[in-house]
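The values are calculated or read from the model by the stated rules, or taken from the named source; none is laboratory data. Note that the structure is a prediction, hence the values are computed from the model and not measured. Don't worry about glycine lacking a Cβ; one is built from the backbone with ideal geometry, like all the others, and counts go over all protein chains shown. Surface areas here come from the heavy atoms of the whole protein model, side chains and all, with no ligands, DNA or RNA. Shrake-Rupley method; radii C 1.70, N 1.55, O 1.52, S 1.80 Å.
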Amino acid sequence: MSDAVDQILAQWQKERPDIDVWPMGVVGRITRLSRLLDRELKDFFAGYGLERWEFDVLATLRRAGPPYALTAGALNRAAMVTSGAITNRIDRLAARGLVERVPDEEDRRSVRVRLTDEGRALVDEILEPHVANETRLLATLAPPERDLLTGLLRGLLESLDDTAIN
């Protein structure tokens, strides 16, 4: 069976047979897959009145463990967005009562973003159905294929120096 990327590669092969475009096959599939997964996840989170990025921030705070608080800088590194974007995201979540800004107990010059009880309850409500949804999205992969894909993607991320969230 062929996919849309195979068709693109065939077109390049016809038009420019002098160039080996194999990287386009990998990057094109990853890019297309990312867009499809983004759309699926957007639809899922919309069912809970959230944007995907909102869940990402809330989940980052939740998995940090008690007291469910991080600096804006730590959230920024985890989200891979600009500092202005993370400030906007925090403002929007705070306006909804899902996070709050609190003074850092160890460094009074710093502020931490803390998950509110309402924010924690929302993450806990969504987490299990979210995992079930992602399981559905990956259901076509047998366990050995999932393990292989996980290892390959991990290696690619490591090669591009994406090895830590902090």
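Tabulated data
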| quantity | calculated |
| --- | --- |
| Mean projected area in nm² (Cα convex hull; one quarter of hull surface) for the chain | 12.9 |
| Distance between modelled label sites at D43 and A85, nm, 7 Å Cα→Cβ extension | 2.4 |
| Cα-only Debye scattering, the stretch 34-99: base-10 log of I(q)/I(0) at q = 0.11, 0.13, 0.14, 0.24 Å⁻¹ | -0.26, -0.36, -0.42, -1.12 |
| Furthest towards positive pole of dipole, F55, T71, V21, structure part the chain, Cβ charges | T71 |
| Contact order relative to length of the chain, as percent, for alpha carbon pairs under 8 angstrom and 6 or more apart | 17 |
| Debye, to nearest 20: dipole size of the stretch 1-48, +1 on Lys, Arg Cβ, -1 on Asp, Glu Cβ | 120 |
| For the stretch 1-48, diffusion coefficient by Stokes-Einstein and Kirkwood Rh (Cα), 25 °C, 0.890 mPa s, µm²/s | 199 |
| Chain lengthening between L33 and A4 when straightened (0.36 nm per residue, less Cα-Cα) | 9.3 nm |
| The stretch 19-86 and the stretch 112-166: distance between their alpha carbon centers, rounded to Å | 10 |
| Where trypsin sites (Lys or Arg not before Pro) in DSSP loops with at most 10 other Cβ within 10 Å are excluded, longest remaining stretch of the chain | 1-107 |
| Sparse-neighbourhood loop sites, GluC sites (Glu not before Pro) in the stretch 80-165 - DSSP loop, at most 15 other Cβ within 10 angstrom | E105, E106 |
| Residue-normalised accessible area of the stretch 1-48, expressed per residue, 1.4 Å probe, Å² | 80 |
| Accessible area per residue, Å², the stretch 91-162 with all protein chains present, probe 1.4 Å | 74 |
| Share of carbon and sulfur in the accessible heavy-atom surface of the chain [1.4 Å probe, %] | 55 |
| Accessible surface, 1.4 Å probe, highest first, among residues E128, E40 | E128, E40 |
| Distance between modelled label sites at A132 and A94, nm, 7 Å Cα→Cβ extension | 3.5 |
| Full-extension gain in nm, V111 to I19, via 0.36 nm per residue minus C-alpha separation | 27.8 nm |
